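Participant: I'd like to ask you about the structure that follows.
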Amino acid sequence: MSKTFAKYLVQLNRALVRRLRPLAVRAQPLARPPPHELAATLDDTLAADGGVAVCKIEGGLLMSSSTFPYFMLVIAGVMGDGDVVVGVGGLGCSFDSLFHKHCKEVYVPTELARRQWHPLPRRRHPKPLIFHDGRTAFRPTPSATLAMFVWLPLGAALAIARTLVFLLLPFALSTPLLAALGMHSRAIPNSSSSASASTTTTNLFASNHRSLLDPLYIAAAVRRADLAAATYSISRLSELLSPIATFRLTRDRAADRAAMQARLRGGGLVVCPEGTTCREPFLLRFSPLFAELGRDVAPVALHSEVGMFHGTTAGGWKALDPLFFLMNPVPAYVVHFLDAVECGGGPEAAKAVANEVQRRIAEALGYTCTGLTRRDKYLMLAGNEGLVGGDLQVTKSSTAACTS
C-alpha cells in the first residue's frame, strides 16, 4: 500500500468520524419509558444502569455497509465500559447482525408496521408546527423531485421575466401581465362604503409578513407607487431591484420612529410589525412601534400560497428569496384590506392598538395569534438572534400577545 493511499484512508476515516460523532448522544440515566411509548420518545434518552447512547440509524451515511462500522466505532469511543448502546433503526435485516453484536437492545420496525405508515395529519401533531426552514414546499417523493428538476430551467426563465415586468412596468400594466404569467392575486377591499378613498388617503399600512413581496402586492393593490417598505433585514440585491422605496429599521426605537415619521410626511409606508416571515397560519407578536406614530393605520391581511418553493429562509441566502418565490409555477396572494384603526395615546395605548391589529388580521385569515418573536424564530432555526448587523443589539419590547 502506497503512502499516498494510506494517508487518504486516514483522512477519510477522520472525516467520517467527525460527521458521525454528532449522531451519538451521551445522556444520564432516566426512567425507562413503557414499551408502548417508545415510538414517541426516540429523541429522548432511554434508561440504563449507566449512560446511554441512542443510535438513530437513519440517513445517507448509515445507509451504506461501508460506513456503518465507522459509526459503531464512534459509538464505542463515546461510551464507557459500563454503558449501554441502544440501536433504533429501520434499514431492514441487512444490519441485524451488527445491531445485535454492538447493541444490547435493538428496535427495528416490522414489515407490517412499515406498510401501515402514513403521514401524520397536522391536527394530530403533539405541538403546532409554527417555524420551519428549507426551500422546498412539497413532499419530496421521487416523482415530485423529478418534476422539480424538470421545472427548474423554465422556472428560472419565468422568474426573470416576472422580475422584469415588476421593474419596468407600472402597476396598472404589470398586474394583468403577471396574472397572464401565472402569478394570481386577489384584492379584497374593506367593508366601509368609501373603500377606494380610504386606501388612497391612508398612508400607514400594517400587515402580517408572508414574504419579501408583501409591500409590492399591497402597493399594486392600491395602485400607489409612493409607498415605501420598512424592513428589518433585506439584502442589498433586493433593495436595488425593488420597484418601491425601501429602508432598513435599525432596532433603535427612537431612530426608527423618526425615520418612519419622516417617510410618512412625504408618502405612504408599509410595515410588517412581526419583524419576520411566518409560513404557517400563525401570527407572531406585533411590535407597537407603528402605533406610536400617531397616524391611523389600515390593517392588511395577507395570505400566500406556493406549490414548489418557499420564498423565505432563516439560514440561507436571503438575496434568493424573491427568486425562489417567483420560480413557483402558480404563486398566489390574497390581499384583504380591513377597516382603519385609530392610533393615539401613550405606550400602553400603542400596545393595545398593536394587539387589536393582530387580532383583526388573525380573525380575517383564520390564523392563530402567538406571543413568539423574530428572536424566537432565529434561535430555533438558525442558532442566532436574527440581528440585522454584527454590531446591532436586539432590543426587547414589552408587548403583550393578543388573546384569542
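Participant: GLU280 versus ASP133, label points 7 Å from Cα toward the beta carbon: distance in nm?
Facilitator: Roughly 1.7 nm, to one decimal.
Participant: For the pairs LYS127/LYS318; LYS127/LYS377; LYS127/LYS351, note any where the Cα-Cα span goes beyond 24 Å. Walk me through the numbers before you get to the answer.
Facilitator: On the way: LYS127/LYS318 28 Å; LYS127/LYS377 16 Å; LYS127/LYS351 28 Å.
LYS127/LYS318; LYS127/LYS351, as the Cα separations exceed 24 Å there.
Participant: If you take every residue apart from ARG279 with its C-beta less than 10 Å away from the C-beta of ARG279, what net charge results, scoring Lys and Arg +1 and Asp and Glu -1?
Facilitator: -1
Participant: Students often get this wrong: which residues of segment 303-332 have the backbone nitrogen under 13 Å from the point 7 angstrom along Cα-to-C-beta of ILE160?
Facilitator: Correct set: none at all.
Participant: Could you do me a favour and compute the accessible area per residue for segment 166-382, 1.4 Å probe, result in Å²?
Facilitator: 40 Å²
Participant: Taking the Cβ of LEU241 as the centre, find all other residues whose Cβ is under 12 Å away and add up their charges (Lys, Arg: +1; Asp, Glu: -1).
Facilitator: Neighbourhood net charge equals 0.
Participant: Of the peptides 260-271, 325-336, how do they stack up when ordered by the mean number of other Cβ atoms within 10 Å, highest first?
Facilitator: Values: 260-271: 18.2, 325-336: 20.0.
Peptide ranking by packing, descending: 325-336, 260-271.
Participant: Could the peptides 158-168, 278-288, 126-136 be put in order, highest first, of the mean number of other beta-carbon atoms found within 10 Å of their residues?
Facilitator: Packing proxy ranking, top to bottom: 278-288, 158-168, 126-136.
Participant: Provide the packing ranking of 349-358, 248-257, 142-151, 225-234, i.e. peptides ordered by the mean count of other C-beta atoms within 10 Å per residue, highest first.
Facilitator: Going from most to least packed, we get 349-358, 225-234, 248-257, 142-151.
Participant: Taking a ≥ b ≥ c as the square roots of the eigenvalues of the Cα gyration tensor of segment 166-382, is the shape rounded (a/c under 1.5), prolate (a/b larger than b/c) or oblate?
Facilitator: rounded
The values are calculated or read from the model by the stated rules, or taken from the named source; none is laboratory data. Because the structure is a prediction, the values reported are computed rather than measured. Cβ coordinates were reconstructed from backbone atoms using ideal geometry, including for glycine residues, and neighbour counts include every protein chain displayed. Just the protein is used for accessible areas: all its heavy atoms, side chains included, with ligands, DNA and RNA removed. Shrake-Rupley method; radii C 1.70, N 1.55, O 1.52, S 1.80 Å.
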